[in-house]
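Visitor: Let me begin by handing over the structure; questions about it come next.
Read-outs: derived from the displayed coordinates by stated rules, not from any lab. Since we're looking at a predicted model, the values are computed, not measured. Backbone-built Cβ (ideal geometry, glycine too); neighbour counts: all protein chains shown.
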Amino acid sequence: MCASLPNQPNLDDIKKEARRLLRDLKQRDAAALRRYHSIQSWDRMPEPILDDAQYVIARECGFSSWKKLIEHLHCSSKSHC
């Protein structure tokens, strides 16, 4: 699915990755900032919040939003969506 997640990610994996990315963004980690700026082209990033990290992960995974990513995970865990 996404390079930064396991092959069969679950909701807990995704949430943990979002929290890690948020922590790294707050610390201004170079790799995290590159991930952010590859999705958001803003020159300067305001104080990052969890929504920012979640959005980056969703976009990296090919989804337009965190909500769409979560919906996909729920449907993947239930074979009838």
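Visitor: Search the structure for amide H atoms under 5 Å from the amide H of N10, placed 1.01 Å from N in the peptide plane, and list their residues when 5 or more places away or on another chain.
Guide: none
Visitor: Any idea which of C75, L11, P46 is furthest toward the positive side of the dipole for the range 11-77, if Lys and Arg beta-carbons carry +1 and Asp and Glu beta-carbons -1?
Guide: P46
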